[in-house]
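Single-structure report; data block below.
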Amino acid sequence: MTSARTPSVATAAIVLAAGIGSRMKSALPKVMHAIAGRPMIGHVLASLAAEKIAPVVVVVGPDMDGLTKAVAPQRAVIQKDRLGTGHAVIQAKDAFAGYSGDILIVYGDTPFISPETLARMRAARGNGKKSPAVVVLGFTPKDPGAYGRLIVKNGGLERIVEAKDAKPTERKVKLCNSGIMLADAATLWKLLAKVNNKNAKGEYYLTDIVGLARKAGLKCSVVEGTENELLGVNSRAELAEAEAIFQAKARARAMDNGATLTAPETVYFSADTKIGRDVEIGPFVVFGPGVEIDDNVTIKGFCHFEGARLAAGAIVGPYSRLRPGAHVGVDAHVGNFVEIKNAKLEQGAKVNHLSYVGDARVGAKANIGAGTITANYDGFNKSHTDIGAGASIGSNSVLVAPVKLGDGAMTGAGAVVTKDVPADGLALNSSRQEVREGFASKYRTLKKAQKDKKK
Ligand code: UD1
Ligand code: MG
């Protein structure tokens with residue numbers, strides 16, 4: 001859909017992310033804080049990728065190796081001194097040597113910029129003789145506060161004035177700068193070279209390129225977006241607000257795509273959660289990163305999933321925990337207080353109560369009794385448990401890995417299985433039961449007498 005509106009001009013991007021985000025009060029760079037399980041900057045990079053904007057250069061601060069790694073394979077350049085947004089953009093100039101297309105500037109802390117809005121900016125830039133040299137993405141926030149104000153005259157953008165530098169009349173302007181801009185590379189570098197730091201903050205403002213473009217007789221224009229899309233995250237409270245906006249959208253999208261959410265406001269998605277059709281999701285379910293749910297899956301309340309895949313017809317919960325590498329096969333069941341990690345339940349397998357299944361395969365239609373534990377870790381290594389199709393594991397069994405149970409094998413209740421069990425074999429090692437008739441009443445009489453004597 002976007003491609004029809006996208007002009008043929010090549011568009012690359014610079015993502016500004018050198019700020020530490022002092023208001024976050026965190027050792028982690030601001031843009032590494034997660035929304036829906038994905039670092040803020042990951043949301044921005046996903047939108048750029050969806051609009052096929054490349055290459056992407058990220059401007060990071062010194063000592064932000066974690067951020068540099070997180071944005072790879074996109075290139076990161078370091079801004080040593082944080083001298084302003086204009087100075088930050090210049091740090092990426094060498095990375096664009098020989099590049100002559102358009103450059104989009106986005107902020108790493110404005111996570112919800114959508115590919116559709118980027119496409120509208122590209123369309124507004126166009127590639128004709130009368131096209132504006134600079135396109136700025138503006139919006140009208142409820143509280144214009146510290147945002148830069150867009151000064152528009154005769155339908156064209158004249159300049160951007162930062163709140164701290166604005167005259168009282170300019171501060172009254174409601175149309176604000178989101179920070180996102182688009183210009184062709186040659187114009188951008190030419191204008192940025194003229195930016196100085198004679199302003200209230202003593203910074204090199206990127207926003208000054210608009211006034212400079214007008215002075216050079218170039219046209220500038222504004223594309224407008226919404227506040228929800230352009231909100232910038234500067235504090236933990238704003239991070240929570242952004243999370244809420246994301247979740248509201250994700251719930252609506254899941255329902256639009258054919259999932260039933262009994263209590264949508266209690267379900268939490270990750271940015272990459274994939275949900276099929278006719279999926280039922282009960283109250284209080286959390287989808288961590290990397291979860292894929294196929295069609296016709298039922299998820300009862302109070303489940304927590306991450307890195308898990310649920311195949312068609314699976315029934316999970318209530319109170320199930322699926323950890324990375326959990327694969328619940330077609331029509332398989334996982335019940336209450338069951339934890340599954342790096343294990344595959346094949347078609348129709350059941351682990352219904354109070355169990356831990358880790359580093360394992362549970363064959364088709366096998367039944368795992370209540371309280372079964374795969375003892376997968378000896379303090380040094382993780383080992384695998386292989387349970388054959390149709391096996392029946394007695395309640396409270398401990399399967400000490402590495403161990404293999406063949407198809408149709410059984411274990412008695414309370415078995416501690418340390419040796420392989422052949423197909424259709426039975427593993428038993430609990431001691432034989434002894435029955436002493438009348439013992440219970442004799443015991444009670446004795447105990448009561450002892451207690452009475454003490455009184
Ligand atoms: C900026 C805009 C303002 C706009 C607002 C939108 C300027 C001068 N002002 O103000 O018009 O309304 O964003 O949120 O551009 N950064 C660097 N290096 C620096 C400075 C900033 O990488 O030296 C990065 C920050 O990490 C951040 C972004 O640039 O991602 C914006 O910087 P910030 O200091 O938040 O700018 P604002 O004062 O909010
Ligand atoms: Mg800001």
Counted residues in segment 15-49 being more than 13 Å from ligand 1 (Cβ to nearest atom) and open to solvent by 60 Å² or more (accessible area, probe 1.4 Å) come to 5
Output for Cβ contacts, cut-off 7 Å, separation at least six or different chains, first residue assigned to a helix (DSSP H, G or I) in segment 34-45, second among the charged types (D, E, K, R), reads 40/109
Of (1) open to solvent by 20 Å² or more (accessible area, probe 1.4 Å); (2) under 19 Å from residue 233 (Cα atoms), residue 93 satisfies every one except (2)
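When the residues of segment 142-162 are narrowed to those that are of a type outside the set (A, V, I, L, M) and not in a loop (DSSP other than H, G, I, E, B), which ends up surrounded by the most Cβ atoms within 10 Å (Cβ to Cβ)? Steps first, please.
If we filter segment 142-162 for residues that are of a type outside the set (A, V, I, L, M), which is where we start, we get 142-145, 147-149, 153-156, 158-159, 162.
In the following step, the residues that additionally are not in a loop (DSSP other than H, G, I, E, B) were identified as 149, 153, 156, 158-159.
Details: 149: 25, 153: 9, 156: 12, 158: 15, 159: 21.
Here the residue is 149.
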Restricted to segment 226-245 and to residues being touching a strand residue (DSSP E or B) at 6+ places or on another chain (Cβ under 8 Å) and either away from ligand 2 (no atom under 16 Å from the Cβ) or of a type in the set (Phe, Trp, Tyr) (or both), the residue farthest from residue 88 (Cα to Cα) is 243
With the first residue restricted to segment 225-250 and required to be touching a residue at least 12 places away in the same chain (Cβ under 8 Å) and closer than 20 Å to residue 32 by Cβ, and the second required to be within 16 Å of ligand 2 (Cβ to nearest atom) and polar (S, T, N, Q), Cβ contacts under 7 Å at 6 or more apart or on different chains are 232/110
Filtering segment 79-113 for residues that are out of contact with any strand residue (DSSP E or B) (no Cβ under 6 Å at 6 or more places or on another chain) and free of Cβ contacts under 8 Å to residues at least 60 places away in the same chain leaves a count of 5
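So, in segment 216-244, how many residues would count as being open to solvent by 30 Å² or more (accessible area, probe 1.4 Å) and either acidic (Asp, Glu) or more than 15 Å from ligand 1 (Cβ to nearest atom) (or both)?
To start, the set of residues in segment 216-244 that are open to solvent by 30 Å² or more (accessible area, probe 1.4 Å) comprises 216-219, 222, 224, 226-228, 234, 236-238, 240-241, 243-244.
Narrowing the set further to residues that are either acidic (Asp, Glu) or more than 15 Å from ligand 1 (Cβ to nearest atom) (or both) leaves 216-219, 224, 227, 236-238, 240-241, 243-244.
Within segment 216-244, residues that are open to solvent by 30 Å² or more (accessible area, probe 1.4 Å) and either acidic (Asp, Glu) or more than 15 Å from ligand 1 (Cβ to nearest atom) (or both) number 13.
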When restricted to 36, 12, the only residue at pLDDT 95 or above and within 27 Å of residue 269 (Cα to Cα) is 36
Checking 358, 379, 325 in turn, the sole residue that is open to solvent by less than 10 Å² (accessible area, probe 1.4 Å) and among the small types (Gly, Ala, Ser) turns out to be 358
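Look through segment 123-140, keep the residues that are in contact (Cβ under 8 Å) with a residue 40 or more places away in the chain and open to solvent by 20 Å² or more (accessible area, probe 1.4 Å), and return whichever of them is nearest to ligand 1 (Cβ to nearest atom). Step through it out loud before you land on a result.
Restricting attention to segment 123-140, the residues satisfying the condition of being in contact (Cβ under 8 Å) with a residue 40 or more places away in the chain are 123-127, 130-140.
If we keep only those that are open to solvent by 20 Å² or more (accessible area, probe 1.4 Å) as well, we get 123-125, 127, 130-131, 140.
Numbers: 123: 22, 124: 19, 125: 19, 127: 26, 130: 26, 131: 23, 140: 12 Å.
So the residue we want is 140.
Does at least one position in segment 168-176 carry a residue that is open to solvent by less than 70 Å² (accessible area, probe 1.4 Å) and in a strand (DSSP E or B)? Please lay out each step first, then the result.
Filtering segment 168-176 for residues open to solvent by less than 70 Å² (accessible area, probe 1.4 Å) gives 170, 173, 175-176.
Of the ones still in play, those that are also in a strand (DSSP E or B) are 176.
Taking every residue of segment 168-176 in turn, at least one turns out to be open to solvent by less than 70 Å² (accessible area, probe 1.4 Å) and in a strand (DSSP E or B).
Pull up segment 66-78, narrow it to residues that are touching a residue at least 12 places away in the same chain (Cβ under 8 Å) and outside any helix (DSSP H, G or I), then point me to the one that is surrounded by the most Cβ atoms within 10 Å (Cβ to Cβ). Give the steps one after another, and end with the answer.
Going through segment 66-78, the residues touching a residue at least 12 places away in the same chain (Cβ under 8 Å) turn out to be 66-67, 70-71, 74-78.
From what is left, the residues that are outside any helix (DSSP H, G or I) are 74-78.
On the way: 74: 18, 75: 13, 76: 22, 77: 17, 78: 13.
Only one residue tops the list, namely 76.
Answer yes or no: is there a residue in segment 342-353 that is modelled with pLDDT of 95 or more, within 19 Å of residue 287 (Cα to Cα) and open to solvent by less than 50 Å² (accessible area, probe 1.4 Å).
Quick first cut of segment 342-353, residues modelled with pLDDT of 95 or more only: 342-353.
Filter once more, keeping what is within 19 Å of residue 287 (Cα to Cα): 342-344.
Next, from what is left, pick out any that are open to solvent by less than 50 Å² (accessible area, probe 1.4 Å): 343.
Yes, segment 342-353 contains a residue that is modelled with pLDDT of 95 or more, within 19 Å of residue 287 (Cα to Cα) and open to solvent by less than 50 Å² (accessible area, probe 1.4 Å).
What residue, of 270, 320, is within 18 Å of the chain's Cα centre (by Cα), of a type in the set (S, T, N, Q) and buried (at least 18 other Cβ atoms within 10 Å of the Cβ)?
Details: 320 fails: within 18 Å of the chain's Cα centre (by Cα).
Matching residue, one of 270, 320: 270.
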When restricted to 57, 31, the only residue modelled with pLDDT of 95 or more, among the aliphatic types (A, V, I, L, M), out of contact with any Gly (no Cβ under 8 Å at 6 or more places or on another chain) and closer than 27 Å to residue 184 by Cβ is 57
The residue that is nearest to ligand 1 (Cβ to nearest atom), considering only those in segment 102-122 that are open to solvent by 10 Å² or more (accessible area, probe 1.4 Å) and part of a loop (DSSP other than H, G, I, E, B), is 109
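Determine, yes or no, whether residue 213 is crowded, with 20+ Cβ neighbours inside 10 Å and either of a type in the set (S, T, N, Q) or out of contact with any Pro (no Cβ under 7 Å at 6 or more places or on another chain) (or both).
Working: crowded, with 20+ Cβ neighbours inside 10 Å: yes; either of a type in the set (S, T, N, Q) or out of contact with any Pro (no Cβ under 7 Å at 6 or more places or on another chain) (or both): yes.
Taking the combined requirement at face value, the residue satisfies it.
Could you tell me how many of the residues in segment 173-189 are more than 16 Å from ligand 2 (Cβ to nearest atom) and either in contact with a helix residue (DSSP H, G or I) (Cβ under 9 Å, 6 or more places away or on another chain) or among the β-branched types (Val, Ile, Thr) (or both)? Reasoning before the result, please.
Here is the first cut: in segment 173-189, the residues more than 16 Å from ligand 2 (Cβ to nearest atom) are 173-175, 182-189.
Retained after the next criterion (residues that are either in contact with a helix residue (DSSP H, G or I) (Cβ under 9 Å, 6 or more places away or on another chain) or among the β-branched types (Val, Ile, Thr) (or both)): 173, 182-185, 187-189.
Adding up the residues that qualify gives 8.
The values are calculated or read from the model by the stated rules, or taken from the named source; none is laboratory data. Remember, it's a predicted structure, so these values are computed and weren't measured experimentally. Cβ sites come from the backbone with ideal geometry, for glycine too, and all protein chains shown count toward neighbours. The area values use the complete protein model at the heavy-atom level, side chains included, leaving out ligands, DNA and RNA. Shrake-Rupley method; radii C 1.70, N 1.55, O 1.52, S 1.80 Å.
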